[in-house]
Amino acid sequence: MMSPFGDIKAYLGLCVNLKKFRFSQFPLTFHKILCYSNPMDDTLLSVQNLKTYFRTPEGLARAVDGISFDIKPNEIFALVGESGCGKSVTALSLIQLIAQPAGFIADGAIYYKGQDITGLSEVEKRKIQGNDIAMIFQEPMTSLNPVFTIGNQISEAIQEHQDLRGAAARNAAIEMLDRVGIPEPAARYDEYPHQMSGGMKQRVMIAMALSCRPGLLIADEPTTALDVTIQAQILELIQRLQQELQMAVLLITHDLGVVANIADRVAVMYAGKIAEMGTWEQLYETPQHPYTIKLLESTPARDKRGTALNTISGRVPKATAYNDGCRFADRCPKVMDGCDTIIPTLHAVNGSEHSVACHLYNPEPPFSVRLADPELAIQEHATVVSATKLELETEVVQQSERVSEQPTASHPQLQVKDLCVHYPIQKGIFKRTVGYVYAVDDVTLDIPRGKTLALVGESGSGKTSFGKAVLQLGVPVEGDIVYDGVNIATTTRQQMHPYRKRMQIIFQDPYASLNPRMPVGRIIQEGMQTHGIGASDEERQTRTAELMLRVGLSPDMVTRYPHEFSGGQRQRIGIARCLAVDPEFIVCDEATSALDVSVQAQILNLLKSLQVDFNLSYLFITHNLSVVEYFADEVAVMYLGRIVERGTTEEIFDAPKHPYTRALLSAVPKMDTQTGVEKIRLEGDVPSPINRPAGCHFHPRCPEVMPVCKEEYPGATHFTQTHSCHCYLYRDAE
Amino acid sequence: MFSYLLQRFLSIGLSLLAVSLLVFLMVHLIPGDAAVAILGERATEKALTELRAEMGLDKPLYHQYAKFLWDVVHLDFGRSFKTKQPVIEEIKRYFPATAELTLAAMAFSILFGIAAGIIAAVSRGTFLDYFSMSISLAGISMPIFWLGLMLILLFSYFLPILPSTGRLDVVLDLDVQSRTGFYLIDTLLTGNFTAFRNAVAHLILPAITLGTIPLAIIARMTRSSLLEVLNQPYITTAYAKGLPRWKVIRKHAMKNSMVPVLTIIGLEFGYLLGGAILTEHIFSWPGLGSWLRAAVEARDVRAVQGGVLFVASLFMLVNLIVDMLYAYVDPRIRVGNEAT
């Protein structure tokens, strides 16, 4: 694909897309005929050297910069990568939805069934959009128009591309709704999006996309906004429909677990280029590209417990400032002279379908290197990994020994007893209370000093309300919250003040939780001033600098504003802000959920080392079970406001008792596809916390429901000192 | 849906009650009292006492307010001291002229305002966008009387193509049989097309004068609201279906972007009723505004009370209609949230 006319090509591409010179179409067409060829085989979609650029105030952003791949009919092809790697832009380029006029396809060809679709007119383009290539998006909540019925929106697509009108279009839409598993499709045809749950909306989106039987479905993070049990349903649906309708799927995701379970082939993208491509087994078992290896290593998992996660140093380069060579060069542990000036191309590994873009594996290296033997490289890598693991393990062990020498109090850091958070629902002009949202109901928990309790559950389970209740952050609380021997549930604002210093919170969204008009230094110092930490401003400034170093930021950044930092850096600022007041107990409310895997690994490592250094106790609220498995000491599983099961991490993950816990664990997509764990699929959605099902709240979805479950909420059954569960299955187990 | 409307009705009832109280107390805020205000400072004590008895000013305040409310509910605003006519009859006589002017100004501002807003939003960042937005900024900044006088100067004096005063030429005035009071309708009903054309010509300048500021505000609101909607994911979804651009904008974007525009239109109506007083003065328009101004000057308490109460009710009525339109536009108001 390397052409001596590289610059001319880019120039021509620019001319066409600036629409300045119409006649420049001719040289471009000529150039295309010369450089790209229509694949003659059975390939459905062939992307060749696609370059999609955006004009930005900082310069030309090369979001997608020369990627090539083929998708066969009836294949699920996945593009994975972290945010900003260009995977979504690739998808939008394929369906010709690049935001004009800032974005444009600068070069390359996209052949769909043998036809190049990059140079089509508006009218020809629209015949492809929705008809041959359809797309579903990440946010089912906002991807449907709120003011039209779902039926209207599906029929609209049908009427645009097919000769069906009126009742015929309606029937086609209803049939499609039925196909995606929407109960009573005829009745729901006339419903509005806001009347449906998130999972249902994503089903409607799928029905809409597939209503014209496209040859290719692009699914851009289709399950990222959904709960794990709903995610399992949607992935299964996409797989089933792909078989039934004989179509190809381009799946775009950041979640390697999702890819592992359904993709036939996978391409890993980094900074606008494909780093490595192959089947999932090839990538997972024998990753070649240093980035792929690092990405897999930084994913938290059970077997990495007690060790620090292997992270990638530095950060992803900006799309406006890519180097001329391999974009991973400045973060790569195996970087060589010349890596940052010469672009690596994709080379097949051992002549198989597995290919990798790295100079290490180039059989004809452009500069003199010691060519790595792929097999040898993997072995070498494995020894390095285990060596670092060992090193870190001993370090952590030493640190924890140091900790255990410290005198520990007999009572736990935090004891919560019969905690309820019931939000009143008020209606009418007189704000009469007509009911309650039972966000948290009768929760009893304790968190030992220096340990991490993970609170897991799906959205609406009440885990965030619980976190806020513990910190007395403006939620109506009933019950006892005993912190260090004092019940803080009944304190006044003044009495609560000293506890504000001892208990802190780290928020999920590093973008919204920092005041955009305050420089970082002031954000960190504010808490110190409030609680009188540090005698003078100078002292506080010194301390701020220390804290910034501790969380991995440069102290000379104190005068900068939050928007100048990346997501991971902002989360570090949030952690520094929190540490500034010397807390003992920290609520981490989905602290890593908004971050990319490699950044998440850095933050988890930081939290872990801080815990050891300062003997911190964490309440770790999350929906991400692989993080829990890696990070937590104890786990409590929440469903509709109640703790259904709790125990140590080993107890919960090795011997889950409650049917909900078991279903939840089995629904988590695993990267290792050979686990052989039986999948338990839950039907339906989480019910509303306003009208919870009587008896055990889980009974309508429970695969092992018994008559008694519908009558009364089950009491606790204790299996060990730490492991307990609320389920009638174990009534006689004690 | 039903409870939503009931809530709107109740809140309007409460607002009206508050307005009636203010209007009622207005009389008591005048230095001296209403009787002195009406009869003048040199009136005899006897005459004053008689008038006070007639107006019920000698009764306790709550009693007076109760009677006032009772009368208002029965559409009895009392008699004007100046003309001795029932106030309600006066309102009936002058209101159609104001309604005609206000509706014409409103139609003008909505039509051109929304159109300008859409054009600006769709051609964002181009000359058209900057041009229409600068014009609308100029429109907002223009004092109403200055604009009115300039228009008169331009179109009645230098280019004498449009009349500058009244609702009809005097010659035609006697010709028109008033049935509804709306000249445009009356002239059409009687088939008097000469008078119709004349009435339209008379309406143009005042309507433009009154409608320019609302037009500019509506245009800016439409633009920003439409731009926001065009960035929503469901617009991408619509494009991904292969819908043509005009269809995406007309169907998917317009309806969603109309909610804030509707709010502005409802509020602008209040401005139009207020602005009508000035405009009617400039163009010698025989409407409610001119009448109300005259009533204020003549210290015609009953007439002012009735006029203000009437205008306030009208404003609330329009906003009630806007609230109902919300429900039409946004199914989240119309259809209760049943999502589980």
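The values are calculated or read from the model by the stated rules, or taken from the named source; none is laboratory data. Just so you know, these numbers come straight off a predicted model, no measurement behind them. Positions of Cβ are generated from backbone atoms using ideal geometry, with glycine treated the same way; all protein chains shown enter the neighbour counts.
For this structure, a couple of remarks:
- Where B:Thr236 falls short, out of the listed (1) out of contact with any Leu (no Cβ under 8 Å at 6 or more places or on another chain); (2) within 14 Å of another protein chain (Cβ to nearest Cβ): (1)
- Candidate set from segment A:128-161 (those that are in a loop (DSSP other than H, G, I, E, B) and at pLDDT below 90); member that is nearest to the other protein chains (Cβ to nearest Cβ): A:Glu139
- Filtering segment A:294-345 to residues that are assigned to a loop (DSSP other than H, G, I, E, B) and aliphatic (A, V, I, L, M) leaves A:Ala301, A:Ala308, A:Leu309, A:Ile312, A:Val316, A:Ala319, A:Ala321, A:Val335, A:Met336, A:Ile342, A:Ile343.
- All of B:Pro244, B:Pro260 fail the test of being within 7 Å of chain A (Cβ to nearest Cβ) and either without any contact (Cβ under 8 Å) to a residue 12 or more places away in the chain or not hydroxyl-bearing (Ser, Thr, Tyr) (or both), apart from B:Pro244.
- Boolean, A:Asp685 is of a type in the set (Asp, Glu), within 14 Å of another protein chain (Cβ to nearest Cβ) and under 24 Å from the mean Cα position of the chain (by Cα): yes
- Any hit, segment A:656-665, residues being away from chain B (no Cβ under 14 Å), touching a residue at least 60 places away in the same chain (Cβ under 8 Å), farther than 15 Å from A:Leu640 by Cβ and in contact with a Cys (Cβ under 9 Å, 6 or more places away or on another chain): yes
- Filtering segment B:279-303 to residues that are of a type in the set (A, V, I, L, M, F, W, C) and either surrounded by fewer than 21 Cβ atoms within 10 Å (Cβ to Cβ) or farther than 30 Å from B:Val73 by Cβ (or both) leaves B:Ile282, B:Phe283, B:Trp285, B:Ala294, B:Val296, B:Ala298.
- Boolean, B:Arg79 is within 14 Å of another protein chain (Cβ to nearest Cβ), under 30 Å from B:Asn319 (Cα atoms) and basic (Lys, Arg): no
- When B:Leu325, B:Leu314, B:Leu292 are checked against the criterion of being within 14 Å of chain A (Cβ to nearest Cβ) and at pLDDT 85 or above, a single residue qualifies: B:Leu325.
- When B:Asp71 is tested against (1) closer than 20 Å to B:Val311 by Cβ; (2) under 24 Å from the mean Cα position of the chain (by Cα), just one condition goes unmet, and that condition is (2).
- Subset of segment A:707-721 (residues that are surrounded by 14 or more Cβ atoms within 10 Å (Cβ to Cβ) and under 24 Å from A:Glu458 (Cα atoms)): A:Cys709, A:Tyr713, A:Pro714, A:Ala716, A:Thr717
For every residue, the table says whether it meets (1) touching a strand residue (DSSP E or B) at 6+ places or on another chain (Cβ under 9 Å); (2) under 30 Å from A:Asp446 (Cβ atoms); (3) at pLDDT 85 or above.
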{"position": "A:Phe328", "(1), (2), (3)": "yes, no, yes"}
{"position": "A:Arg331", "(1), (2), (3)": "no, no, yes"}
{"position": "A:Pro363", "(1), (2), (3)": "yes, no, no"}
{"position": "A:Asp373", "(1), (2), (3)": "no, no, no"}
{"position": "A:Gln379", "(1), (2), (3)": "no, no, no"}
{"position": "A:Val384", "(1), (2), (3)": "no, no, no"}
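- The set of residues from segment A:527-542 being of a type in the set (D, E, K, R) and surrounded by fewer than 16 Cβ atoms within 10 Å (Cβ to Cβ) comprises A:Asp537, A:Glu538, A:Glu539.
- Residue that is nearest to the chain's Cα centre (by Cα) [pool: residues in segment A:88-124 that are charged (D, E, K, R) and closer than 23 Å to A:Phe77 by Cα]: A:Asp107
- Within the set A:Pro101, A:Pro73, the sole residue that is part of a loop (DSSP other than H, G, I, E, B) and under 18 Å from A:Gly278 (Cα atoms) turns out to be A:Pro73.
- When the criteria are applied in full, A:Met269 fails the requirement of being within 14 Å of chain B (Cβ to nearest Cβ) and in contact (Cβ under 8 Å) with a residue 12 or more places away in the chain.
- Residue satisfying all of: in segment A:648-693; surrounded by fewer than 19 Cβ atoms within 10 Å (Cβ to Cβ) and among the acidic types (Asp, Glu); nearest to A:Ile182 (Cα to Cα) among these: A:Glu683
- Selection count where residues are over 16 Å from A:Arg305 (Cβ atoms) and either over 22 Å from the mean Cα position of the chain (by Cα) or surrounded by fewer than 20 Cβ atoms within 10 Å (Cβ to Cβ) (or both), scope segment A:637-647: 7
- Any hit, segment A:110-127, residues being touching a Phe, Trp or Tyr at 6+ places or on another chain (Cβ under 7 Å) and either closer than 30 Å to A:Gly198 by Cα or more than 8 Å from chain B (Cβ to nearest Cβ) (or both): no
- For segment B:26-54, residues that are closer than 16 Å to B:Gly78 by Cα and within 31 Å of the chain's Cα centre (by Cα) total 4.
- Helices (runs of 4 or more DSSP H) within segment B:271-340 that include 3 or more residues β-branched (Val, Ile, Thr): B:301-329
- Wholly within segment B:137-234, helices (runs of 4 or more DSSP H) carrying at least 2 residues that are surrounded by fewer than 16 Cβ atoms within 10 Å (Cβ to Cβ) and more than 22 Å from the chain's Cα centre (by Cα): B:170-173, B:183-189, B:193-230
- Among the strands (runs of 3 or more DSSP E) confined to segment A:408-487, the ones with at least 1 residues that are surrounded by fewer than 20 Cβ atoms within 10 Å (Cβ to Cβ) are located at A:414-427, A:432-447, A:478-483.
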